[in-house]
Amino acid sequence: MKICQLCSVGFTLYHFLLPLMRAMREAGHEVVGVCGEGPFAERVRAEGFRVEAVGFRRNYDVLHHGRVYGELVRLFRRERFDMVHVHSPIAALIGRLAAARAGVPKKVYTAHGFYFHEYQPWGLRHAFIGLEWIGGRFTDVLFTQSAEDAQAARDLGLCWGGVIEAIGNGVDPARFRPADAADAARQRLRAELGAGSDDVVILMIGRLVAEKGYPELFAAMKDVNARLWVVGNRLKSDHAASVDDAIARVEADPDLSRRISFLGYRGDVDELLRAADIFTLPSHREGMPRSIIEAMMSGLPVVATHIRGSREEVVDGETGFLVPVRDAGRLTAALQRLVTDGRLRSRLGAAGRQRALAQFDEGKVVARQIVRLGLES
């Protein structure tokens, strides 16, 4: 088969879809990526895949989206794909409409996390549901990462093809693994980033936008006796609220600015996880966050918010703690409890590793999709 993997930005194609693309190619299929141009698209090309550049925008510019729709219709007609597999909400909607217009036989949508969620205002939530319902009219197979999203899709009728399945999310357990007792690389990296041997390090990985929970996390850190490493930046395509003011307050506070380090984009996340002691993700909205799985695979206890996706990964009191959204006080208490109890950190981290191995192995997630789509070699 000739298969298109389509998403908004190269970051998604490289970081999240490349293992699936490799598996499809290994099964004997031709796989073409479609996304915005940039360095991550080039990294995918370096793996031997063709990547067609399309100028998606993650905003509500209807005229621009209309032009992208026409570009995709022409691309799909020229390439004559047997399957178009779409990802990321805006690109997924435009991509399915264009694939239907171009006569693509099979349209597959992976919802990495629906935009609608329990904490949204009623009107906005139902507007996003309406857009998903429209896209669902042109969907043969709908994969979700979380079981909650799969059930919501069934309840709301978001796939007219009728095939809805939660495939989960996963990472490579060989890359994301706990640190050894005498891990020299761990000690070296901690020293490079200013962490002493007695310091407890909390790691947060996520785009620098407010919905990731940064304002609450920075507020919590005032009363948490630990260091915080922040990994991530703000994508050019981001339209979510910024955290510039919250970061400015951190930088203006002598104590916080000493203990909180902004590391930007990093290619050594696996090493950073082995160098840290606790992981946190206090997001307001997620799909099935891979960063939590990476942390669990690395043997770290996790403090996350009680939201869709995160609560499927973290077992409260067994692999970490779940706290309410936007509750800096409860976040403080959970983090500080782990900071002061090394044995608890070890116990929860070990349990998290076992849970991740059992449920969140990337190879199993990819294989599940290959079988469900009938793409076995």
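The values are calculated or read from the model by the stated rules, or taken from the named source; none is laboratory data. For clarity, every value in this text was computed on a predicted model and none was experimentally measured. Glycine also receives a Cβ, built like all others from the backbone with ideal geometry; neighbour counts cover every protein chain displayed.
Among the residues of the stretch 121-147 satisfying the criterion of being in contact with a helix residue (DSSP H, G or I) (Cβ under 8 Å, 6 or more places away or on another chain) and assigned to a loop (DSSP other than H, G, I, E, B), which is farthest from VAL366 (Cα to Cα)?
Residue satisfying both the conditions and the ranking: PHE138.
Among the numbered criteria (1) charged (D, E, K, R); (2) more than 16 Å from the chain's Cα centre (by Cα); (3) at pLDDT 95 or above, which one does ASP198 miss?
Evaluating ASP198 over (1) charged (D, E, K, R); (2) more than 16 Å from the chain's Cα centre (by Cα); (3) at pLDDT 95 or above leaves (3) as the failure.
Would the stretch 135-145 turn up any residue that is more than 18 Å from the chain's Cα centre (by Cα) and surrounded by fewer than 17 Cβ atoms within 10 Å (Cβ to Cβ)?
yes
Find all pairs meeting these conditions: Cβ atoms under 8 angstrom apart; at least six residues apart or on different chains; first residue within the stretch 289-314 and among the basic types (Lys, Arg); second residue assigned to a helix (DSSP H, G or I).
Matching pairs, first to second residue: ARG290/PHE16; ARG308/GLU148; ARG308/ASP149.
Hey, can you tell me all the residues within the stretch 171-188 that are under 30 Å from VAL243 (Cα atoms) and in a loop (DSSP other than H, G, I, E, B)?
Residue satisfying the conditions is PHE176 alone.
Kindly indicate whether ALA334 is assigned to a helix (DSSP H, G or I) and either on the phi > 0 side of the Ramachandran plot or touching a Phe, Trp or Tyr at 6+ places or on another chain (Cβ under 7 Å) (or both).
Yes, satisfied.
If we keep just the residues of the stretch 218-235 that are under 18 Å from the mean Cα position of the chain (by Cα) and crowded, with 18+ Cβ neighbours inside 10 Å, which is modelled with the lowest pLDDT?
Only one residue fits best here, namely GLY232.
Tell me, yes or no, whether the stretch 236-254 has at least one residue that is closer than 22 Å to THR305 by Cβ, surrounded by 15 or more Cβ atoms within 10 Å (Cβ to Cβ), without any contact (Cβ under 8 Å) to a residue 60 or more places away in the chain and in contact with a Leu (Cβ under 7 Å, 6 or more places away or on another chain).
Checking the stretch 236-254: at least one residue is closer than 22 Å to THR305 by Cβ, surrounded by 15 or more Cβ atoms within 10 Å (Cβ to Cβ), without any contact (Cβ under 8 Å) to a residue 60 or more places away in the chain and in contact with a Leu (Cβ under 7 Å, 6 or more places away or on another chain).
Every residue, every condition in (1) part of a loop (DSSP other than H, G, I, E, B); (2) assigned by TED's automatic domain parsing to the domain that holds VAL302; (3) surrounded by 14 or more Cβ atoms within 10 Å (Cβ to Cβ), yes or no:
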| position | (1), (2), (3) |
| --- | --- |
| ASP149 | no, no, yes |
| ALA152 | no, no, yes |
| ASP155 | no, no, no |
| GLU165 | no, no, yes |
| ARG190 | no, yes, yes |
| GLY194 | yes, yes, no |
| SER197 | yes, yes, no |
| ILE202 | no, yes, yes |
| GLU216 | no, yes, yes |
